[in-house]
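The values are calculated or read from the model by the stated rules, or taken from the named source; none is laboratory data. Being a predicted model, the structure only gives us computed values, none of them experimental. Neighbour counts run over all protein chains shown; Cβ positions are idealised from the backbone, glycine included.
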Amino acid sequence: MRTFFLINLLALFLFACDSPQPSASETSDNSLDSTAKPADTDSLILEGENHFASLRQLTFGGDNAEAYWSFDDSKLVFQVTNPAWDLECDQIYAFDWQNEQLDKDMPQLISTGYGRTTCAYFLPGDSSIIYASTHLADSACPPVPERIAGKYVWPIYESFDIFIADMQGQITQQFTDEPGYDAEATVSPKGDRVVFTSMRTGDLELFTANIDGSEVKQITDELGYDGGAFFSPDGSKLIFRASRPQSEEEIKEYKDLLAQGLVQPTEMELFICNADGSDLRQLTDLGNANWCPFFHPSGEKVIFASNYESQRGYPFNLYMINVDGTGLERITRDGTFDAFPVFSNDGKHLVFSSNRNNGGTRETNLFVAEWKE
């Protein structure tokens, strides 16, 4: 589900719980120490970013994305591609974000080190994580597709299945074993259900299940890609991104690409529904790509990434909107790429991925902001 638009910035448009980022061969100068390390956090906050009381850079090199908090907010789990770490495609790591310095310390590898991984999320108790991986099909990284007719596409690797591992990286359970793509799993703050995207019906739909994988329930059933879903703080709602092809031409293009294991992510809007799939409605109608949504701690707003104000596909910035579709507010003012915003469980911090402060390279790093209303 994730790690791929910089220099096109479409090359960094990650699948949130998303998807493939640029492969190591697509990035440049990805060493641990290639980005400038700021002397103070204030220099990272851009004019107009008024919700950030402070901003700290967590990683320094490579392509780092989809960082998610432990239930006690002490750790982050994320995916990274970095040749300096001998990583040709995404693997999953976890670290203590307050005490470890990833320009100096090597974080804990949680995934197997084989295949491509995506979308890791802590399970209740913070002693295990759930994530997707292709390692059962092949120990090598799966190929990254080229553009089709000049259009940027995301791969839907049918070899993705979902696994549960302990914090030492030992797989303790295979969560899915259906044929085809299963990935993008996230966990309810209540700790009772998991939501994920699957191709088991022949289309990319959302499903939920108990933490142990039982009682699987289909949530969406409309034609189009449904993914990157997250529960509201009270576990009662889901927010996700979706494409909805309408015309005969759009439907044919979508189905033809899907038959090749591909989707085109350049036209997506946000949708919201109850956790059982009822009361499904479209939240945004902005155009371009609106994705990686996450609920504000109040449950009354959603933060997300969008390029709807962009003319050439980029930049991407963070925005916030009320759950009734009103009150759209721009949060970041970056000229390149900000995405994957996730609030800590206590609501005090926001972690996100950004191309800011990368020395003009294609690197995407993790940043954590002290949030203020």
Response to the item:
Counting only residues that are over 11 Å from residue 198 (Cα atoms) and either at pLDDT below 95 or of a type in the set (Gly, Ala, Ser) (or both), region 216-238 contains a total of 6
Item to complete: Restrict the check to region 147-156 and report whether at least one residue is in a loop (DSSP other than H, G, I, E, B) and closer than 24 Å to residue 93 by Cα.
Response: yes
Worksheet item: In this structure, is residue 284 within 27 Å of residue 218 (Cβ to Cβ) and hydroxyl-bearing (Ser, Thr, Tyr)?
Response: yes
Worksheet item: On the given criteria, is residue 150 at pLDDT below 95 and at positive phi?
Response: yes
Worksheet item: Do we have residue 229 as aliphatic (A, V, I, L, M), assigned to a strand (DSSP E or B) and surrounded by fewer than 24 Cβ atoms within 10 Å (Cβ to Cβ) here?
Response: no
Worksheet item: Limited to region 296-353, what total is found for residues that are among the hydrophobic types (A, V, I, L, M, F, W, C), more than 17 Å from the chain's Cα centre (by Cα) and closer than 18 Å to residue 122 by Cα?
Response: 0
Item to complete: Being part of a loop (DSSP other than H, G, I, E, B), surrounded by fewer than 18 Cβ atoms within 10 Å (Cβ to Cβ) and at negative phi is the filter; apply it to region 83-98 and report the residue that is farthest from the chain's Cα centre (by Cα).
Response: 98
Fill in: Residue match in region 341-355 (condition: in a loop (DSSP other than H, G, I, E, B) and closer than 23 Å to residue 266 by Cβ)
yes
Worksheet item: Which residue pairs have Cβ atoms closer than 7 Å, lie 6 or more positions apart in sequence or on different chains, and pair a first residue in region 102-130 that is under 17 Å from residue 162 (Cα atoms) and at pLDDT 95 or above with a second residue that is of a type in the set (Lys, Arg) and crowded, with 20+ Cβ neighbours inside 10 Å?
Response: 118/2; 119/2
Fill in: One residue from 242, 275 being aliphatic (A, V, I, L, M), buried (at least 22 other Cβ atoms within 10 Å of the Cβ) and within 16 Å of residue 195 (Cβ to Cβ)
242
Response to the item:
By residue number, the members of region 211-231 that are over 16 Å from the mean Cα position of the chain (by Cα) and farther than 13 Å from residue 277 by Cβ are 211, 212, 213, 214, 215, 223, 224
Worksheet item: Residues that are closer than 22 Å to residue 65 by Cα: which strands (runs of 3 or more DSSP E) entirely in region 166-214 hold 3 or more of them?
Response: 182-187, 193-198
Worksheet entry | Filter result for residue 298 (of a type outside the set (A, V, I, L, M, F, W, C) and either buried (at least 21 other Cβ atoms within 10 Å of the Cβ) or under 18 Å from residue 228 (Cα atoms) (or both)) | no
Discussion item. So for region 154-170 (the condition being within 28 Å of residue 255 (Cβ to Cβ) and more than 20 Å from the chain's Cα centre (by Cα)), does at least one residue qualify?
Written reply: no
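Would you pick out the residues in region 33-82 that are outside any loop (DSSP other than H, G, I, E, B), surrounded by fewer than 16 Cβ atoms within 10 Å (Cβ to Cβ) and either among the charged types (D, E, K, R) or modelled with pLDDT under 90 (or both)?
Within region 33-82, 42, 43 qualify.
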Worksheet item: Taking into account only those residues within region 183-204 that are within 24 Å of residue 267 (Cβ to Cβ) and crowded, with 22+ Cβ neighbours inside 10 Å, which is nearest to the chain's Cα centre (by Cα)?
Response: 184
Worksheet entry | Filter result for the condition that a residue is among the hydrophobic types (A, V, I, L, M, F, W, C), touching a Pro at 6+ places or on another chain (Cβ under 6 Å) and either modelled with pLDDT of 95 or more or within 22 Å of residue 282 (Cα to Cα) (or both), over 316, 352, 367, 340 | 352
Response to the item:
Per the list (1) of a type in the set (S, T, N, Q); (2) within 15 Å of residue 169 (Cα to Cα); (3) over 19 Å from the mean Cα position of the chain (by Cα), residue check on residue 101 breaks on (2)
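Give 290, 210 a once-over and let me know the one that is within 27 Å of residue 347 (Cβ to Cβ) and surrounded by fewer than 17 Cβ atoms within 10 Å (Cβ to Cβ).
210
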Worksheet item: Of (1) over 26 Å from residue 91 (Cα atoms); (2) within 21 Å of the chain's Cα centre (by Cα), residue 245 satisfies all except one. Which?
Response: (2)
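In the list 324, 346, which residue meets the criterion of being at pLDDT 95 or above and over 22 Å from residue 96 (Cα atoms)?
Checking each option against the conditions leaves just 324.
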